[in-house]
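Take a look at the structure set out below.
The values are calculated or read from the model by the stated rules, or taken from the named source; none is laboratory data. Please read all numbers here as calculations on a predicted model, not as lab measurements. Cβ coordinates were reconstructed from backbone atoms using ideal geometry, including for glycine residues, and neighbour counts include every protein chain displayed. In case anyone asks, the SASA skips ligands and DNA or RNA and just uses the protein heavy atoms, side chains included. Shrake-Rupley method; radii C 1.70, N 1.55, O 1.52, S 1.80 Å.
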Amino acid sequence: MRRAAVIGAGIGGLTAAVALRRRGWEVTVLERAARLEPVGAGLAIAANALKALDTLGLGDEVRGLASIQGTAGLRRWDGRWLTRTTEDRAAARFGDSVVLLRRATLTGMLLDRLPEGALRLGVTVESVADLRADLGADLVVAADGIHSAARRELFPGHPRPVYAGITAWRALVPRPAGVTLRTTESWGPGLVFGVMPMADEWVYLYATDTLPAGTVLADEKAELLRRFGHWHDPIPHLLEAADNARILRNDVYHLREPLPAMHRGTVALLGDAAHPMTPNLGQGACQAIEDAVVLAACADPEGHGLERYTAARLRRTAMVTARSAAICRITGWRNPLAVRLRDLGLSLAGRVSPDLLLRSQEPVLGWRPPAWAGSGREPGVPA
């Protein structure tokens with residue numbers, strides 16, 4: 001039986017493990033953490049990633065967790081709409097909209113599809129070069145995150161991820177009773193605040209600000225209230241309900257220059273290890289899921305299919321990374337005149353073209369898995 005070793009038990013690594021098992025591989029997942037804690041907060045699974053999950057038989061289970069979003073879109077800090085759309089229009093265009101769920105929920109779904117013993121915790125991989133011999137692996141999948149050691153080993157001369165200029169907060173708060181919530185992202189001068197109501201009793205919040213890398217804040221909740229406590233409802237109310245101990249914050253890094261390839265020999269890079277990106281399109285996990293199903297469809301025991309994997313994924317992920325970085329730069333504007341012109345341009349464009357928000361996302365959300373990805377056939381082999 002073909003054997004694969006996956007480094008990292010995040011969303012990308014676990015999806016790859018499930019996808020490879022469906023293709024007949026024996027898979028071992030190596031995770032340096034001693035135990036898998038319910039890390040992270042919320043997760044947005046967009047139409048493109050849902051189509052990828054369909055090839056694994058997971059799409060409908062994830063869709064079953066969807067909440068009805070109604071009107072969603074982009075607002076100013078004072079609540080004025082800049083551009084918006086509806087759940088129905090998004091679903092009509094892309095076949096799906098967005099499912100919001102806890103990151104731990106999707107992690108659990110993926111783990112349930114792996115056999116006992118497939119996950120090895122507390123394992124630090126010192127070198128991908130040793131894994132093939134140590135585990136008898138025909139394929140190594142490096143899904144070891146933004147600061148990937150595997151990426152440095154495979155492409156030692158390539159520039160490392162750079163600070164994107166923003167720090168990001170994430171939190172889950174209880175859904176307030178009697179309050180109508182919409183999925184919105186609001187922009188201010190250099191600031192972003194997102195509200196995503198989930199299907200259960202929780203609401204996923206995220207926010208960004210332009211700060212020097214490594215900034216230390218004594219009280220995350222107080223800092224959020226200082227920045228966003230005067231913004232439109234229900235943002236102040238939701239922040240007041242946040243548990244300070246459960247607010248997560250991290251500086252955002254991205255890969256400014258795409259890798260020359262997403263593989264080397266029989267080692268494939270996946271997700272943040274291959275193309276770390278800013279969170280502005282909500283595509284980090286989604287692109288990792290796409291990577292995983294395409295990789296599993298391309299891979300063969302000798303590693304020859306990894307050229308097909310790079311060909312299928314490198315240009316697309318570079319495009320998504322660049323688009324996300326461009327939005328990140330625009331949201332970071334602080335000059336009052338630049339902010340006013342930005343908001344005016346978005347508002348006017350939204351009035352002239354009501355489907356502006358959806359059309360702008362077509363290259364990202366309109367993706368479909370290759371016909372062979374869910375068929376069990378090798379790429380290029382006709383039905």
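Quick check on this structure: which one of ARG368, ARG323, ARG315 is surrounded by fewer than 19 Cβ atoms within 10 Å (Cβ to Cβ) and either out of contact with any helix residue (DSSP H, G or I) (no Cβ under 8 Å at 6 or more places or on another chain) or modelled with pLDDT of 95 or more (or both)?
ARG315
So in the range 128-157, with the set limited to residues that are in a loop (DSSP other than H, G, I, E, B) and open to solvent by 30 Å² or more (accessible area, probe 1.4 Å), which one is farthest from LEU255 (Cα to Cα)?
Checked the range 128-157; the qualifying residue farthest from LEU255 (Cα to Cα) is GLY136.
Would you confirm whether any residue within the range 81-91 is assigned to a loop (DSSP other than H, G, I, E, B) and in contact with a Leu (Cβ under 8 Å, 6 or more places away or on another chain)?
Checking the range 81-91: not a single residue is assigned to a loop (DSSP other than H, G, I, E, B) and in contact with a Leu (Cβ under 8 Å, 6 or more places away or on another chain).
Hey, can you tell me all the residues within the range 309-332 that are touching a Pro at 6+ places or on another chain (Cβ under 8 Å) and over 20 Å from LEU357 (Cα atoms)?
ALA312, LEU314, THR317, ALA318
Of the conditions (1) open to solvent by 10 Å² or more (accessible area, probe 1.4 Å); (2) under 29 Å from TYR163 (Cβ atoms); (3) acidic (Asp, Glu), ASP300 satisfies every one except a single condition; which number is it?
Going through (1) open to solvent by 10 Å² or more (accessible area, probe 1.4 Å); (2) under 29 Å from TYR163 (Cβ atoms); (3) acidic (Asp, Glu) one by one, ASP300 breaks only (2).
Pairs please, first residue from the range 231-258 and within 16 Å of THR180 (Cβ to Cβ), second anywhere and at pLDDT 95 or above and open to solvent by 50 Å² or more (accessible area, probe 1.4 Å), Cβ atoms under 6 Å, 6+ apart in sequence or on different chains.
The qualifying pairs are HIS232/ASP78.
Would you mind telling me which numbered condition in (1) surrounded by fewer than 24 Cβ atoms within 10 Å (Cβ to Cβ); (2) under 25 Å from ALA371 (Cβ atoms) GLU240 fails?
Unmet for GLU240, out of (1) surrounded by fewer than 24 Cβ atoms within 10 Å (Cβ to Cβ); (2) under 25 Å from ALA371 (Cβ atoms): (2).
For the range 344-362, state whether one or more residues are within 19 Å of the chain's Cα centre (by Cα), touching a residue at least 60 places away in the same chain (Cβ under 8 Å) and under 20 Å from VAL141 (Cα atoms).
Looking for residues that are within 19 Å of the chain's Cα centre (by Cα), touching a residue at least 60 places away in the same chain (Cβ under 8 Å) and under 20 Å from VAL141 (Cα atoms), one finds none in the range 344-362, hence no.
Report, ordered by the first and then the second residue, all pairs with beta carbons closer than 7 Å, sequence separation of six or more or different chains, a first member in the range 95-116 that is within 20 Å of ALA16 (Cβ to Cβ), and a second member that is of a type in the set (Ser, Thr, Tyr).
LEU110/THR15
Provide a single number: the residues in the range 109-142 that are out of contact with any Asp or Glu (no Cβ under 8 Å at 6 or more places or on another chain) and under 30 Å from LEU65 (Cα atoms).
11
Among the residues of the range 27-44, is any part of a helix (DSSP H, G or I), in contact with a Lys or Arg (Cβ under 8 Å, 6 or more places away or on another chain) and modelled with pLDDT of 95 or more?
no
Among the numbered conditions (1) open to solvent by 40 Å² or more (accessible area, probe 1.4 Å); (2) over 30 Å from LEU259 (Cα atoms); (3) charged (D, E, K, R); (4) touching an Asp or Glu at 6+ places or on another chain (Cβ under 9 Å), tell me where ARG227 comes up short.
ARG227 satisfies every listed condition except (1).
Taking ASP96 as meeting all but one of (1) farther than 21 Å from VAL203 by Cβ; (2) out of contact with any helix residue (DSSP H, G or I) (no Cβ under 7 Å at 6 or more places or on another chain); (3) in a loop (DSSP other than H, G, I, E, B); (4) of a type outside the set (S, T, N, Q), write down the number of the exception.
(2)
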